[in-house]
Amino acid sequence: MKKIKYAFLILVLSIAAPAFSQEAASRVIENGGTGKHSALMLTDASLPTHTIFRPKDIAEFKGKKSLPLIVWGNGACFDSPWEHVNFLNEIASHGFIVIAIGTMPKETGEQVKDRSASSKLKDAIDWAIAQNGNAQSAYFKKIDTKKIAVAGMSCGGLQALDVAGDSRISTLLVANSGIFIDPIRGNAMPNMPQLDKAHLTKIHTPTLYLLGGPSDIAYKNGMDDVANINHVPVFVGNLDVGHGGTYAQPHGGDFATVATAWFKWQLKGDKKAGELFTGTTPGISKMPGWSFDKKKMR
């Protein structure tokens with residue numbers, strides 16, 4: 001009798017959490033984005049705790065052309081990326097798989113505002129690596145598990161910083177965020193990672209900060225981070241749009257343009273995209289309203 005119960009439990013668990021990818025629901029955002037690979041937002045039965053943005057057709061992505069991985073933490077550490085769908089979808093349309101913390105945003109009604117933990121960024125990486133190695137998965141050998149970015153906005157940026165020491169990470173993006181200069185203020189929001197500036201020494205990859213200029217409440221914290229990072233290449237771009245960035249603008253606005261170029265450069269070796277950040281007058285300086293600074297980067 002015990003063997004029967006045990007077998008039934010295993011069956012239930014396998015149904016509840018399939019080991020291989022199984023699309024549960026999907027939606028097209030902004031006609032799939034402006035990139036060469038029309039994107040799709042979806043939730044997968046094997047990862048119901050996250051939202052995936054990826055090219056709709058992934059047949060061509062294999063071998064050296066497999067999809068670099070980007071994992072994303074949301075503003076306010078929300079457990080759903082509803083504030084960032086335009087931005088994340090746009091990046092995915094340029095040939096990336098983006099996995100955001102939290103359930104897929106609703107089309108209408110109140111969005112999920114529960115808080116999430118930094119560990120969900122690592123959960124996304126673990127899932128992607130497992131799927132890439134699973135012959136039953138639609139992602140089998142489709143994901144470049146050697147090219148992984150961790151990124152996030154505001155509280156999600158602190159989540160990205162929280163896991164930045166993970167050796168699997170290739171690059172880091174911190175948007176509208178930075179470790180609090182005054183640690184006491186770090187208690188302002190439930191589940192906000194409680195980090196101090198010493199944590200910055202755990203960063204081991206090229207790092208991009210995107211800030212909303214002096215009107216961004218995270219501006220001073222982010223700029224202070226950059227001032228304290230002296231051991232890895234770091235670039236900071238500022239556009240005076242405040243803390244909300246341009247995420248909700250069509251196709252994610254300028255923040256998506258800059259972030260996509262960074263990921264193309266860092267994760268795909270696209271030197272042309274890298275020109276936005278390299279040289280004495282990087283391309284970003286020619287974008288209206290942008291200012292920049294950088295260290296350990298030509």
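Every read-out reported here was derived from the displayed coordinates using simple, explicitly stated rules and does not represent laboratory data. Nothing here was measured: the structure is a model prediction, and the numbers come from that model. In this analysis, Cβ positions are derived from the backbone assuming ideal geometry, glycine residues included, and neighbour counts consider all displayed protein chains.
When the gyration tensor of the chain is built from Cα positions, what are the square roots of 5 times its three eigenvalues, in whole Å, from largest to smallest?
So the three semi-axes of the chain are 32, 22, 18 Å.
So what is the 222 nm mean residue ellipticity for the chain from helices alone, if each DSSP H run of at least 4 adds -39500 (n - 2.57) and you divide by all residues, rounding to the nearest 500 deg cm²/dmol?
-7500 deg cm²/dmol
Per residue, how much space in cubic angstrom lies within the convex hull of the C-alpha atoms of segment 77-170?
Convex hull of Cα atoms, per residue: 108 Å³.
Just VAL234, VAL163, VAL28 to compare: in a GNM of the chain, with alpha carbon springs under 10 Å, which one fluctuates most?
Looking only at VAL234, VAL163, VAL28, the biggest GNM fluctuation is shown by VAL28.
So which residue, out of GLY152, GLY279, GLY245, gets the largest mean-square fluctuation from a GNM of the chain using Cα contacts under 10 Å as springs?
Of the options given, GLY279 has the highest mean-square fluctuation.
Just report the Cα centroid separation between segment 92-115 and segment 122-145, whole Å.
19 Å
Using Cα-only point scatterers and the Debye equation, what is log10 of I(q)/I(0) for segment 185-298 at each q in 0.11, 0.19, 0.21 Å⁻¹, rounded to two decimals?
Log10 of I(q)/I(0), two decimals: -0.38, -1.11, -1.30.
When you count, for each residue, the other Cβ atoms within 10 Å and take the mean per peptide, how do 68-79, 140-151 rank with the highest first?
68-79, 140-151
For each pair in LYS65/LYS295; LYS36/LYS146; LYS141/LYS294, compute the distance between the two Cα atoms and list the pairs where it is over 26 Å.
LYS65/LYS295; LYS141/LYS294
In segment 22-295, if the dipole is taken from +1 on Lys/Arg beta carbons and -1 on Asp/Glu beta carbons about the Cα centre, which of HIS84, ASN134, GLY32 is farthest to the positive end?
ASN134
Taking the Cα atoms only, what angle lies between the long axis of helix 119-132 and the longest principal axis of the chain, rounded to 10 degrees?
60 degrees
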